[in-house]
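**Q** So that we are looking at the same thing, I have put the structure below in structure tokens.
The values are calculated or read from the model by the stated rules, or taken from the named source; none is laboratory data. The model shown is predicted, which means the values in this text are computed figures rather than measured ones. All Cβ positions, even for glycine, are placed from backbone atoms using ideal geometry, and neighbour counts span all protein chains on display.
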């Protein structure tokens, strides 16, 4: 049986963080390949018709990290802390997020990807983590590598994430300034940072719909991070579309 096709969302060429995002995207592609999947990159400006055609052909979806989600999509007001919002990418990924839930297609959301999944299903975000009472630092650490693990997360027992990670506590590489505020009704929180910031979500009853707030692709040699990509690819290999 051929390797499952994994659709990976991408960032626009105009992103001011393009150099960093290019590097992380390369890591995602390699992680999917190493896990046995075939990466398919989706351009952020693809039309809905093109997106639907691609979605019907792929076996799994990976929502990658990137710039801020526009507050327009979660009922927020314009906020100076929201530095970048790409309307085309927001629309594309919100469509994909809803489709993967409706069609029970495997999906992994990374950082922004987790936030988009939450917003698409009716959740809200903190425009900046500083809005969360008692929040610690979660954003970029100038001059330090993306594989820095500044804090731990506590993982919920009996969750898909706990099964994949094999441990209830995990040190993670925190690289975000937005975060989930209200988690959508169709999702559940499966990991939190010590300050209460949501670090992972998943959809109960779905074959595989999981989001993590950290960047597993930036820790390519960590067995527990590789296991996330392996789990996505394994779930994607079981979809009816792949079997046919």
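**Q** Looking at this structure, is residue 61 under 16 Å from the mean Cα position of the chain (by Cα) and outside any helix (DSSP H, G or I)?
**A** It is true that residue 61 is under 16 Å from the mean Cα position of the chain (by Cα) and outside any helix (DSSP H, G or I).
**Q** Right, another one. Go through the range 25-40 and report how many residues are over 11 Å from residue 236 (Cβ atoms) and either out of contact with any helix residue (DSSP H, G or I) (no Cβ under 7 Å at 6 or more places or on another chain) or surrounded by fewer than 21 Cβ atoms within 10 Å (Cβ to Cβ) (or both).
**A** The qualifying residues number 9.
For (1) at pLDDT below 90; (2) closer than 18 Å to residue 213 by Cα; (3) surrounded by fewer than 21 Cβ atoms within 10 Å (Cβ to Cβ), each residue gets a yes or a no:
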position: 78; (1), (2), (3): yes, no, yes
position: 96; (1), (2), (3): no, no, no
position: 101; (1), (2), (3): no, no, yes
position: 107; (1), (2), (3): no, yes, no
position: 114; (1), (2), (3): no, yes, no
position: 137; (1), (2), (3): yes, yes, yes
position: 143; (1), (2), (3): yes, no, yes
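**Q** Within the range 194-207, take every residue that is in contact (Cβ under 8 Å) with a residue 12 or more places away in the chain and not in a strand (DSSP E or B) and give me the one that is surrounded by the most Cβ atoms within 10 Å (Cβ to Cβ).
**A** The extreme case among them is 197.
**Q** Would you mind stating whether residue 191 is under 15 Å from the mean Cα position of the chain (by Cα) and without any contact (Cβ under 8 Å) to a residue 40 or more places away in the chain?
**A** So residue 191 passes the test.
**Q** If residue 148 satisfies all but one of (1) farther than 21 Å from residue 36 by Cβ; (2) touching a strand residue (DSSP E or B) at 6+ places or on another chain (Cβ under 9 Å), what's the number of the condition it fails?
**A** For residue 148, the failing item is (2).
**Q** Which residues, taken from the range 48-69, are touching a helix residue (DSSP H, G or I) at 6+ places or on another chain (Cβ under 9 Å) and over 17 Å from residue 109 (Cβ atoms)?
**A** 48, 52, 56, 57
**Q** Being more than 23 Å from residue 23 (Cα to Cα), in contact with a helix residue (DSSP H, G or I) (Cβ under 8 Å, 6 or more places away or on another chain) and either modelled with pLDDT under 85 or surrounded by 16 or more Cβ atoms within 10 Å (Cβ to Cβ) (or both) is the filter here; which residues of the range 161-186 pass it?
**A** The answer is 164, 165, 170, 180, 181, 183, 184, 186.
**Q** For residue 210, only one of the following conditions fails: (1) crowded, with 24+ Cβ neighbours inside 10 Å; (2) closer than 20 Å to residue 147 by Cα. What is its number?
**A** Failed condition: (2).
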